[in-house]
Amino acid sequence: LSAEQQRLTDRYYRQFVRFGAKLTGEQRAQMAQLTAREAELMTKFSQNLLADTAAWTLTLTENDLAGLPDSLKSAAAQAAKDRGMEGKYLITLQRPSVEPFLSYSARRDLREQAWRAWIARGDNGNQHDNKAIIAELVKLRADRAKLLGFEHHSAFVMNDSMAGSSQAAMQLMEQVWAPALQRAK
């Protein structure tokens, strides 16, 4: 095989192994259960994020629009009108609404409200809370990693990355941390 063909063959082989090709019958059944449950949980996680995203709005008045571009003002006015709030402006957690609002609004207090709502999606202690889902996903991923012969999930993930290991990734992060922090300050 040429170097390119060998590389491609190695990549495909590694992917098959990572998906359980070398597992025995009972291990394959366990892998199938882990994979199915992870898919189920990821779907629920996404649905929870979408529900929290759809549920939150920030109602603005004309006095709250300082710094916003005209395109966002008109979109916010249309969003309010669509919800029967003629004469108001509505910011949602949908990216086309919240991201420009966070970038351009002159109102720090309102930007903070929107930002806090954005980062708290799926973490509000309501029916859309993802904390239990995250805990179960962490356990499932650890179980999968062990089943495939890895010490933990990060070893599984990093094994197929440029860094090669979680230790190498951590070393790189530690190398750039101090200069990056200094630059940020």
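The values are calculated or read from the model by the stated rules, or taken from the named source; none is laboratory data. Source: prediction; values computed, not measured. As a convention, Cβ positions derive from the backbone with ideal geometry for all residues, glycine included, and neighbour counts pool all protein chains shown. With ligands, DNA and RNA removed, areas are computed over all heavy atoms of the protein, side chains included. Shrake-Rupley method; radii C 1.70, N 1.55, O 1.52, S 1.80 Å.
Data overview
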| quantity | calculated |
| --- | --- |
| Pair list, Cβ < 9 Å and 6+ apart or interchain, from the stretch 1-30 residues that are free of Cβ contacts under 8 Å to residues at least 40 places away in the same chain to residues that are part of a helix (DSSP H, G or I) and polar (S, T, N, Q) | LEU1/THR9; PHE19/THR35; ALA21/GLN15 |
| Looking only at the stretch 151-185, and only at residues there that are assigned to a loop (DSSP other than H, G, I, E, B) and open to solvent by 50 Å² or more (accessible area, probe 1.4 Å), the one that is farthest from LEU34 (Cα to Cα) | LYS185 |
| Whichever residue in the stretch 30-40 is surrounded by 12 or more Cβ atoms within 10 Å (Cβ to Cβ) and among the hydrophobic types (A, V, I, L, M, F, W, C) and, among such residues, is nearest to GLU136 (Cα to Cα) | LEU34 |
| Every residue from the stretch 45-88 that is closer than 30 Å to ILE134 by Cβ, in a helix (DSSP H, G or I) and in contact with a Leu (Cβ under 7 Å, 6 or more places away or on another chain) | THR53 |
